[in-house]
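The values are calculated or read from the model by the stated rules, or taken from the named source; none is laboratory data. Being a predicted model, the structure only gives us computed values, none of them experimental. Positions of Cβ are generated from backbone atoms using ideal geometry, with glycine treated the same way; all protein chains shown enter the neighbour counts. Just so you know, the surface numbers come from the protein's heavy atoms only, side chains and all, with ligands and any DNA or RNA stripped out. Shrake-Rupley method; radii C 1.70, N 1.55, O 1.52, S 1.80 Å.
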Amino acid sequence: MEQRGLLMVHTGEGKGKTTAALGLAVRAWGDGLRVLILQFIKGGWKYGELHAMETLAQAEGRIEVRQLGLGFTHKGETPKSEHLRAAKRALAIAEKEITSGNWDMMILDEINYAVNFGLISEQELAELLAKRPGNLHLVCTGRNAPDVLLQQADLITEMKKIRHPFESGIKAQKGIEF
């Protein structure tokens, strides 16, 4: 059987897409792989997983998280033009890093949202995917994964929401949702 880098997608309406990708990153790091996580939407907030990844990076290096987004795009606090600029910058960084040879695994966290929100086009995503070397594992997360990604993916996991505590009036909790 052949061994090569995989294109993996975590999508769906349910919770846990980023969490699953970060679990994969920890596994890869534990097995000696070099891992880069680029977050296309998240920015500004200090999530629990950032502290965990920083701790791993300090222990041995080989893992890095870069928050490249400006946070929620639907709240209207930041003009769409600034979100667009941040997404284009993130796309350029992703292209540079994908072709750098510095990483064994890259996670493009919330890149599907960037496509869905019109911050990057499916064509730009297709061009990025075409530049991926054969040995690089690439994980893309976010709801509504675009067809161009689904058609090429080696592994697609769909998270399905059955129940969420928010529906029962329970607010998001540190260590669980963020």
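Roughly how much of residue 103 is accessible, in Å² to the nearest 10, using a 1.4 Å probe?
40 Å²
Restricting to Cα pairs below 8 Å that are 6+ residues apart, what does the relative contact order work out to for the chain? Please round to a whole percent.
About 38 percent, as a whole number.
For residue 80, go through the lysines and keep the ones whose alpha-carbon is under 22 Å away, minus same-chain ones fewer than eight residues off.
Correct list for residue 80: 42, 88.
I want to verify a result. In a Gaussian network model of the chain, Cα cutoff 10 Å, which of these has the top mean-square fluctuation: 87, 114, 28?
Highest fluctuation among the options: 28.
To one decimal place, what Kirkwood hydrodynamic radius in Å is obtained for the range 61-111 from all pairs of distinct Cα atoms?
12.3 Å
For residue 138, which sequence-distant residues (separation of 5 or more, or a different chain) have an amide H within less than 5 Å of its own amide H, given hydrogens modelled in the peptide plane?
Residues meeting the amide H criterion: 6, 7, 8, 106.
Return an integer: the convex hull volume of the alpha-carbon atoms of the range 1-57, in Å³ per residue.
Looking at the range 1-57, the number lands at 119 Å³ per residue.
Per residue, how large is the accessible surface of the chain? Use a 1.4 angstrom probe and give square angstrom.
Here the residues of the chain average 56 Å² of exposed surface.
If packing is taken as the average number of other Cβ atoms within 10 Å across a peptide's residues, how do 160-167, 78-85, 61-68, 33-40 rank, most packed first?
Highest-to-lowest ranking by the protection proxy: 33-40, 61-68, 78-85, 160-167.
What does the net charge come to around residue 11 if you take all other residues with beta carbon closer than 13 Å to its beta carbon, with K and R at +1 and D and E at -1?
Summing Lys/Arg as +1 and Asp/Glu as -1 gives 0.
Name the helices (complete DSSP H segments) of the chain with a Cα length along the long axis of 15 Å or more and a Kyte-Doolittle mean of at least 0.5, or state none.
Correct list, ordered by number: 17-30.
Quick one: what do you get for the chain if you divide its Cα Rg by 2.2 N^0.38 Å?
1.01
With all pairs of different alpha carbon atoms counted, what Kirkwood hydrodynamic radius in Å does the range 72-149 show?
Computed over the range 72-149, the radius equals 13.0 Å.
Normalised by the number of residues in the range 103-159, what is the relative contact order in percent for Cα pairs under 8 Å and 6+ residues apart?
It rounds to 50 percent for the range 103-159.
For residue 96, give me every one of the aspartates and glutamates with a C-alpha distance below 17 angstrom, ignoring sequence neighbours fewer than eight places off in its own chain.
Within the straight-line cut-off, residue 96 pairs with 64, 104, 109, 124, 127.
Carbon-plus-sulfur fraction of the accessible area of the range 1-86, 1.4 Å probe, in percent?
The nonpolar share, carbon plus sulfur, comes to 53 percent.
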